[in-house]
Structures are given as C-alpha cells and as structure tokens.
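Scroll down for the structure; my scribbles are underneath it.
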Amino acid sequence: MTYTTEERKQILGALIQMALADGQLQKEEIAFITSVAKRMEIGGQEVQHMLKNPENLKTVVPQDYTKRIVHFHRMMLMMHIDGHVDDQELQLLHEVGLQFGFRKTTIDALLKTMSKYPHGDIPPSELMQIHVSNQN
C-alpha cells in the first residue's frame with residue numbers, strides 16, 4: 001500500500017493520540033511508534049516533534065476504505081501494546097471507528113476477535129471478513 005508523506009504523518013499522529021489517550025506514554029508504545037515511523041520513513045526528529053506537540057495532531061479519515069481498515073487495526077494494536085486497555089483508549093477507538101464509517105457492531109466484533117489472539121494481531125483474512133460481514 002502506498003501512502004503520501006502527509007498520510008504517513010497522519011497515521012503516526014493517530015498512533016500517538018492513542019498512546020497518549022490514557023495520559024501515560026509507555027516504553028512499548030514508544031517502541032511501536034518508532035517502528036512504524038521507521039517503516040514509513042519518518043525521521044526521529046519528526047517523531048519527537050509530534051510526541052512533544054500532541055495538541056497539533058488531528059484525526060484524518062483516509063479516503064481509501066482499505067487504508068481505513070489497516071489504519072484502524074494499527075490503532076487497535078497500539079491500544080493493546082502496553083498490556084492494558086484504558087477506558088479513554090476505548091473511547092478514542094470508538095470515536096475514530098465511527099469517523100472512519102465503521103459500525104459499532106464492527107468495532108465490537110473486532111475487539112472481541114482481537115482478544116482471541118496473542119498480542120491482538122488479527123489475521124488479515126479474518127480482519128477483512130469482519131469488515132465485510134458488518135458492512136451491510
């Protein structure tokens with residue numbers, strides 16, 4: 001999947017928002033953000049700037065539906081990365097999911113399915129099946 005520079009920054013920004021939703025930034029969250037930034041070719045200085053200025057970050061809905069699914073899954077992984085899911089993280093996830101055009105039943109099904117897998121990593125085929133089955 002190809003992303004513009006702006007899309008890559010928006011993805012990283014959303015992950016940072018999720019990491020900060022509970023008011024604490026854990027080392028596992030920083031490692032995940034850094035890993036995603038590296039894969040997306042976003043430099044360390046840009047990441048540090050984003051982490052220090054989270055008030056400038058905003059949620060942007062990707063135009064492509066597949067990109068929304070992948071991005072939402074990354075946010076779910078970020079929510080689980082520190083081993084604790086906080087109410088503020090769940091609230092943010094639901095808000096973003098609704099902004100992305102996902103039904104509450106889809107979000108709930110994804111969360112339920114995620115709990116069945118170590119580290120919450122839903123296989124791509126199952127991830128897509130959940131979205132397709134709850135789309136209509």
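Points worth noting:
- Residues in region 93-136 that are of a type in the set (Gly, Ala, Ser) and either over 22 Å from Val60 (Cα atoms) or assigned to a helix (DSSP H, G or I) (or both): Gly97, Ala109, Ser115, Gly120, Ser125, Ser133.
- Condition met for Gly83 (part of a loop (DSSP other than H, G, I, E, B) and in contact with a Lys or Arg (Cβ under 9 Å, 6 or more places away or on another chain)): no
- Options Lys52, Lys58: the member that is closer than 20 Å to Met40 by Cβ, surrounded by fewer than 12 Cβ atoms within 10 Å (Cβ to Cβ) and modelled with pLDDT under 90: Lys58
- Subset of region 45-67 [basic (Lys, Arg) and within 14 Å of the chain's Cα centre (by Cα)]: Lys58, Lys67
- The residue list Thr105, Thr113 contains one member that is in contact (Cβ under 8 Å) with a residue 24 or more places away in the chain, polar (S, T, N, Q) and over 22 Å from Tyr3 (Cα atoms), which is Thr105.
- The combined condition, being crowded, with 17+ Cβ neighbours inside 10 Å and either of a type in the set (Asp, Glu) or outside any loop (DSSP other than H, G, I, E, B) (or both), is not fulfilled by Leu90.
- Just one of (1) of a type in the set (Gly, Ala, Ser); (2) at negative phi; (3) in contact with a helix residue (DSSP H, G or I) (Cβ under 9 Å, 6 or more places away or on another chain) fails for Gly101. It is (2).
The values are calculated or read from the model by the stated rules, or taken from the named source; none is laboratory data. Remember, it's a predicted structure, so these values are computed and weren't measured experimentally. Here Cβ is always computed from backbone atoms with ideal geometry, including for glycine, and neighbour counts include all displayed protein chains.
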